[in-house]
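Below is one structure, written out as structure tokens; comments come after it.
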Amino acid sequence: MHAGCMSVVIVGASLAGLRTAEALRARSYGEPIVLVGAESELPYDRPPLSKEYLSQEHSTTPPVLRSAAGLDELGVELRLGTRATGLDPRRRRVQLADGDELSYDTLVIATGADARTWTLGDGLEGVRTLRTVADADLLRADFDRSPRVLVLGGGFIGAEVAAAARKRGLDVELVELRPALMSGALGARVGELLAQMHRANGVRVRCGVTASGLVGERRVEAVELSDGTRVAADVVVLGLGVIPATAWLQGSGLDIDNGVSCDPHLGVVGWPGIHAVGDVARWTHPIFDESMRVEHWTNANEHADVVASAILGAPRTAGGVPYVWSDQYGRKIQIVGRPAATDEITVNEDPSEGRHTAVYERGGRVAGMLTVDSPRMMLKGRRAVAAGTPAADLVASLH
């Protein structure tokens, strides 16, 4: 669609972008919608990429969110394999990598986040990130060759990749800079419980160190760690987190500060007619009174509904309880709220069953909760965060 055509343009064709288009259509919005995506695949689900998609048994077909026929029924113009390269909000134009321009009446920024990279690995084969289905395909092909795997970073993506590699019988080393896995958010004691789960399944976990260099000519052969250790590795997976995908907005005049700055209804601050959804949006969450981005699947779905409502003149506040889950070694790890290592943390361990809970208290209230294989307790935690329940009440219910 060339300049002169007015429409809703959604830049980003992953979960948040697609769900926004669906939410508009579900509300009987009949005007043109253009969905722009940098990847050539139909919109697909990302969580399986670090889990079952890496297994030998799983289909190599990407886990699409909506079939081609379903997208036709939605009546959305798809511009896939086309990256947005710039934005002129005064002229209401989006520039594309193919030289085209899209004009819009309403713009939705849904470009998500990109995997952090590491310059020490530049030029060496076998150094991988995991964000897209193309990344997952490369990593899965690597795993087919039975390599020695080193995962750098002990967050959810790194931990899930380590678990998937061990499920395939591979030799796995998991390296985390902090004193324990995810201890920056969850605290050292909870991080150690998660590390024990990996060790029990044959992963060598090293905490308090990081990589200082890679060894190899054309392909990585080993990793040098900051404590002087050299670890042999044929594949190095960088699980170093993500950064919001906002490079294409440089020079646009939008307020970019660890994401796109939004009001409570996810309208971009200072720019009527522009909204942001999902990982790229930063706004003040009403439960925590904190400016934040939330990189969770459930958040992308909620944001889509909020923005669709705002576009149609019925704004509501984005304020769902953050929730994320991870599947590792047949265990389900769930986190709700906004836990922090600086919170007062009450941990209830059940070593015999492998079920654990942790309540995070801030200002006397429940700020977050983690559970391992305790779905009923997770429901309690979710309600407690939403209601601002005194932490002592939730802790008492653990016993």
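The values are calculated or read from the model by the stated rules, or taken from the named source; none is laboratory data. Computed from a predicted structure; not experimentally measured. FYI the Cβ positions are ideal-geometry reconstructions off the backbone, even for glycines, and counts take in every protein chain you see. Side chains are part of the model used for accessible areas, which takes the heavy atoms of the whole protein and leaves out ligands, DNA and RNA. Shrake-Rupley method; radii C 1.70, N 1.55, O 1.52, S 1.80 Å.
The table below lists the values:
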{"read-out": "Test: residue in segment 164-184 that is touching a Pro at 6+ places or on another chain (Cβ under 9 Å), touching a residue at least 24 places away in the same chain (Cβ under 8 Å) and under 30 Å from Gly320 (Cα atoms)", "value": "no"}
{"read-out": "Among (1) outside any helix (DSSP H, G or I); (2) among the hydrophobic types (A, V, I, L, M, F, W, C); (3) open to solvent by less than 10 Å² (accessible area, probe 1.4 Å), the one test that Leu42 misses", "value": "(3)"}
{"read-out": "All helices (runs of 4 or more DSSP H) inside segment 121-229 with 3 or more residues being over 23 Å from Gly368 (Cα atoms)", "value": "133-143, 156-167, 188-200"}
{"read-out": "Thr357 hydroxyl-bearing (Ser, Thr, Tyr) and touching a residue at least 40 places away in the same chain (Cβ under 8 Å)", "value": "yes"}
{"read-out": "Total residues in segment 164-182, condition open to solvent by 10 Å² or more (accessible area, probe 1.4 Å) and within 18 Å of the chain's Cα centre (by Cα)", "value": "2"}
{"read-out": "Subset of segment 230-255 that is farther than 21 Å from Val94 by Cα and part of a loop (DSSP other than H, G, I, E, B) - its residue that is nearest to the chain's Cα centre (by Cα)", "value": "Gly241"}
{"read-out": "Single residue of Gly12, Gly75 found to be surrounded by fewer than 18 Cβ atoms within 10 Å (Cβ to Cβ) and either in contact with an Asp or Glu (Cβ under 9 Å, 6 or more places away or on another chain) or small (Gly, Ala, Ser) (or both)", "value": "Gly75"}
{"read-out": "So Leu54, is it surrounded by 21 or more Cβ atoms within 10 Å (Cβ to Cβ) and more than 26 Å from Leu249 (Cβ to Cβ)", "value": "yes"}
{"read-out": "Filter result (buried (at least 16 other Cβ atoms within 10 Å of the Cβ) and assigned to a loop (DSSP other than H, G, I, E, B)) within segment 92-110", "value": "Arg92, Tyr104, Ala110"}
{"read-out": "Test set (1) open to solvent by 40 Å² or more (accessible area, probe 1.4 Å); (2) within 30 Å of Lys332 (Cα to Cα); (3) outside any helix (DSSP H, G or I) - Arg19 fails condition number", "value": "(3)"}
